[in-house]
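Since every read-out is calculated from the coordinates, none of them should be taken as a lab result. Since we're looking at a predicted model, the values are computed, not measured. Virtual Cβ from ideal backbone geometry, glycine too; neighbours counted across all protein chains shown.
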Amino acid sequence: MSKTYLVTGGAGFIGSNFIHYLLKKHQDILLVNVDKLTYAGNLENLASVMDDKRHVFAQADICDKDAMEKLFDLYDFDYVVNFAAESHVDRSIKDPDVFARTNVMGTVNLLNLAKKHWLIGEDTYKPGVKFQQVSTDEVYGALGSEGFFTETTPLSPHSPYSASKASADLFVQAYGDTYKLPLNITRCSNNYGPYQFPEKLIPLMINNCLTKKQLPVYGDGMQVRDWLYVEDHCRAIDLVLSKGRPGEVYNVGGHNERPNVFIVKSIIDYVHDSIDPSVSEALIKHVVDRKGHDRRYGIDPQKIKDELGWEPETMFEDGIKLTIRWYLEHREWMEHVTSGSYQKYYEQMYANR
Ligand code: NAD
Ligand code: TYD
């Protein structure tokens, strides 16, 4: 049956991958993509689907009650998938306020609108609707060398970014508990793949290798992240939307834990062997560590495997090669991002219509 989605943050990294994924997978859908186009929003990520009638783009802030209400009035949404967020830990350390505003207040605004527009009786909602909050394993805090995050691990965020995502998760859970709003929360580990803004570890290191700049590794570089290819995350979200039990949290990750220096060295090795033999570990520069740097994240994905049959399909060794090749084949995309010209794309595109 045809579904109408509100996808927020669809011009960012995971949101744009999700839009490409859904448009390939489902024929009969309508995606309304709302994005404020902050520095992290890039319509070039969606160039190939801007003329697809199943995708409608609206530039708006999820905190803007009037603008969002108009969209809820105009479209009869079945699903809200909330990707929109400030997403970078280092920025949150420098400027936490916008993280509280967008990640917490923006989510509450969307919850209120979904509740208002979907409610059809006492604690009863339009059939088939779902609010999905795209969250992160960082809400659980940090692990020592043993153990994994499960859905029952207590929330213990450390950075302003993770504190804002944990706050949003608590609001989402509260709307499920108090108002019975049908919802899910997915908490995913670190994603990598096409269209990721080069402030994050993997695209930054790829771009710096390709342009032979220094590779800044924070502290000793032995912090561990659990890496997931973005398409596997998109598939998990799609599955949770249609089959996840309302009210449940699902952790998404794939036992792909790697220390940061390992990631950096893998990128160097691939670029050295396949692209530019002059690229070497001499480019690595250990720099001052991030404040409050979480040592290790690791997801236990057993629940989503048992209940929904989800498992990652892309092993890190394949995913990292696909990703490096993608950035190599899309050097223009990277040049537009690093020069800042990507932010003019929207104006140009609409001026030409
Ligand atoms: P991103 O920074 O690449 O994209 C965020 C998008 O949200 C951008 O397009 C931006 O313009 C938009 N946005 C920001 N503020 C907005 C506002 N007020 N109103 C409307 N749009 C706004 O982030 P991402 O890496 O794609 O992450 C997407 C979501 O997934 C986030 O909620 C993040 O917390 C979560 N997540 C990310 C990862 C990861 O590894 N990247 C892992 C787990 C969860
Ligand atoms: P990042 O991509 O910012 O994701 P997150 O902080 O959400 O996990 O960083 C991933 C890891 O890489 C994290 O441990 C910090 C580290 N890092 C560096 O060592 N150097 C860098 O330049 C960046 C951006 C990150």
Every residue in region 50-70 that is surrounded by fewer than 19 Cβ atoms within 10 Å (Cβ to Cβ) and more than 18 Å from VAL104 (Cα to Cα), please. MET50, ASP51, ASP52, LYS53, ARG54, VAL56, ALA58, GLN59, LYS70
Whether any residue in region 179-192 is more than 19 Å from the chain's Cα centre (by Cα), farther than 17 Å from VAL261 by Cα, in a helix (DSSP H, G or I) and more than 16 Å from ligand 2 (Cβ to nearest atom) is what I want to check. yes
Hits in region 131-165 (condition: within 27 Å of ASN112 (Cα to Cα), of a type outside the set (Phe, Trp, Tyr) and in contact with a strand residue (DSSP E or B) (Cβ under 8 Å, 6 or more places away or on another chain)): GLN132, GLN133, VAL134, SER135, THR136, ASP137, VAL139, GLU151, SER162, LYS165
The correct count of residues that are in a helix (DSSP H, G or I) and closer than 21 Å to LYS200 by Cβ in region 73-99 is 8
Is it the case that ARG187 is basic (Lys, Arg) and touching a strand residue (DSSP E or B) at 6+ places or on another chain (Cβ under 7 Å)? yes
Report whether or not SER278 is under 30 Å from ASP177 (Cα atoms), among the polar types (S, T, N, Q) and surrounded by fewer than 14 Cβ atoms within 10 Å (Cβ to Cβ). no
Which of the residues belonging to region 252-286 are assigned to a strand (DSSP E or B) and touching a His at 6+ places or on another chain (Cβ under 7 Å)? VAL252
With the structure loaded, tell me whether ASP137 is in contact with a Phe, Trp or Tyr (Cβ under 7 Å, 6 or more places away or on another chain) and within 15 Å of ligand 1 (Cβ to nearest atom) or whether it fails that test. yes
Tally the residues that are of a type in the set (A, V, I, L, M, F, W, C) and within 9 Å of PRO194 (Cβ to Cβ), restricting the search to region 318-334. 3
Might you let me know whether region 31-39 holds any residue that is assigned to a helix (DSSP H, G or I) and surrounded by fewer than 23 Cβ atoms within 10 Å (Cβ to Cβ)? no
Starting from residues that are within 15 Å of ligand 1 (Cβ to nearest atom) and among the basic types (Lys, Arg), keep the ones in region 163-204 and report whichever is surrounded by the fewest Cβ atoms within 10 Å (Cβ to Cβ). LYS200
Residues of region 61-72 that turn out to be within 10 Å of ligand 1 (Cβ to nearest atom), in a helix (DSSP H, G or I) and touching a helix residue (DSSP H, G or I) at 6+ places or on another chain (Cβ under 6 Å), as a count: 1
Taking the options HIS286, HIS233, name whichever one is within 18 Å of LEU204 (Cβ to Cβ) and in contact with a Phe, Trp or Tyr (Cβ under 9 Å, 6 or more places away or on another chain). HIS286
